[in-house]
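The values are calculated or read from the model by the stated rules, or taken from the named source; none is laboratory data. Keep in mind that what you see is a predicted model, and the values were worked out from it rather than measured. Ideal geometry is used to build each Cβ from the backbone, glycine not excepted, and the neighbour counts take in all protein chains shown.
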Ligand code: GLU
């Protein structure tokens, strides 16, 4: 994507593992408003790397749903499933530089030795760091982390810090029997597309220090980050994706309901669209949102979606 360095480049990067739901609608809207309010580009990337979990036809349905809701992305859609060569080259570079190594540990071996599990999984105790033991086969490629705290200022959540050695240890960038890891792919793709503004759900806040660490070792610039509040079920419980599907595939008549959904999503993001826009067309609601965006009003805490 040809851009000059001062142009804002945001993106929406859904995983096509199920129909677009209210959580992804919030991520699409938040990333669109923040990019467009800065006069920037808004790219679309399908994170379809984990092929067994990808549901055929869902990427097309997501794109059709976004279009019905008035979203227009800039440039071509990037499909991660077509970019394996780039992830392979990045992983090989780290291996050649001695920054990544083959690991033969099973999950249960790690669980036996690891200290208390971290919120995002087990902390890898570094068993294969000095070479794969003769009796083991390679199961994964891990990147070495060092004893340092990675901090960044999130545009919504504020300052966030993580000590990588204490919170995850050397982490996986490729599984021998699976795809390249999300952290590697996201960093390689954002850099390749010139993305300098990442807006996404707060479930990825704790992943960001790992991604910033990878950007640093590759010499990529670090984008700005905004993590949006998560959508919960009505009683504060985890959102059930199926119940909250907003896609065309879920039988929604978006020509009729699209404006109401966008109105609700704007309210969820702390914006105050005038009540007379409640039944406006999607394009009008998006235009209002871009022109009146107040990032400071976006709440930090998870909440249920105010269904119209
Ligand atoms: N594909 C991820 C998801 O759908 C989002 C990744 C990102 O925005 O960095 O949760």
Scan the range 170-184 residue by residue and report those that are under 21 Å from the mean Cα position of the chain (by Cα), without any contact (Cβ under 8 Å) to a residue 60 or more places away in the chain and surrounded by fewer than 22 Cβ atoms within 10 Å (Cβ to Cβ).
175, 183
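Every residue, every condition in (1) closer than 22 Å to residue 225 by Cβ; (2) touching a residue at least 12 places away in the same chain (Cβ under 8 Å); (3) exposed (fewer than 13 other Cβ atoms within 10 Å of the Cβ), yes or no:
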position	(1), (2), (3)
125	no, yes, no
129	no, yes, no
139	no, yes, no
144	no, yes, no
147	no, yes, yes
156	yes, yes, no
163	yes, yes, no
167	yes, yes, no
Which residue out of 199, 187 is buried (at least 23 other Cβ atoms within 10 Å of the Cβ), in a strand (DSSP E or B), within 15 Å of the ligand (Cβ to nearest atom) and modelled with pLDDT of 95 or more?
199
Is it true that some residue in the range 131-148 is in a strand (DSSP E or B), away from the ligand (no atom under 16 Å from the Cβ) and either over 21 Å from residue 97 (Cα atoms) or in contact with a helix residue (DSSP H, G or I) (Cβ under 9 Å, 6 or more places away or on another chain) (or both)?
yes
When residue 58 is evaluated against the numbered criteria (1) closer than 30 Å to residue 251 by Cβ; (2) touching a helix residue (DSSP H, G or I) at 6+ places or on another chain (Cβ under 6 Å), which criterion, by number, is the only one it fails?
(2)
When you scan the range 66-78, do you find a residue that is without any contact (Cβ under 8 Å) to a residue 12 or more places away in the chain and under 22 Å from residue 305 (Cβ atoms), even just one?
yes
Take the residues in the range 204-237 that are away from the ligand (no atom under 13 Å from the Cβ) and surrounded by 20 or more Cβ atoms within 10 Å (Cβ to Cβ); name whichever of them is farthest from residue 170 (Cα to Cα).
229
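Considering every residue within the range 159-168, establish whether at least one is out of contact with any helix residue (DSSP H, G or I) (no Cβ under 7 Å at 6 or more places or on another chain) and more than 28 Å from residue 101 (Cα to Cα). Even if it seems obvious, please write down each step before you answer.
So the first thing to find is which residues in the range 159-168 are out of contact with any helix residue (DSSP H, G or I) (no Cβ under 7 Å at 6 or more places or on another chain), and the list is 159, 161, 163, 165-167.
Within this subset, residues satisfying the condition of being more than 28 Å from residue 101 (Cα to Cα) are 159.
The answer is yes; a qualifying residue exists.
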Given (1) modelled with pLDDT under 90; (2) exposed (fewer than 14 other Cβ atoms within 10 Å of the Cβ), where does residue 118 come up short, assuming only one miss?
(2)
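Condition test on residue 268, is it in contact with a helix residue (DSSP H, G or I) (Cβ under 8 Å, 6 or more places away or on another chain), modelled with pLDDT of 95 or more and more than 16 Å from residue 34 (Cα to Cα)?
Values: in contact with a helix residue (DSSP H, G or I) (Cβ under 8 Å, 6 or more places away or on another chain): yes; modelled with pLDDT of 95 or more: yes; more than 16 Å from residue 34 (Cα to Cα): no.
Judged against the criteria, residue 268 is not a match.
Of all the residues that make up the range 173-184, how many are more than 14 Å from the ligand (Cβ to nearest atom) and at pLDDT below 95? Spell out the reasoning first.
The first filter runs over the range 173-184 and keeps only residues more than 14 Å from the ligand (Cβ to nearest atom), leaving 173-178.
The next check asks that each one be at pLDDT below 95; those that pass are 175-178.
Adding up the residues that qualify gives 4.
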If a residue must be in contact with a helix residue (DSSP H, G or I) (Cβ under 7 Å, 6 or more places away or on another chain) and free of Cβ contacts under 8 Å to residues at least 40 places away in the same chain, how many such residues does the range 12-55 contain?
3
Just the residues that are loosely packed, with under 15 Cβ neighbours inside 10 Å, without any contact (Cβ under 8 Å) to a residue 24 or more places away in the chain and assigned to a loop (DSSP other than H, G, I, E, B), please, taken from the range 256-308.
274, 279
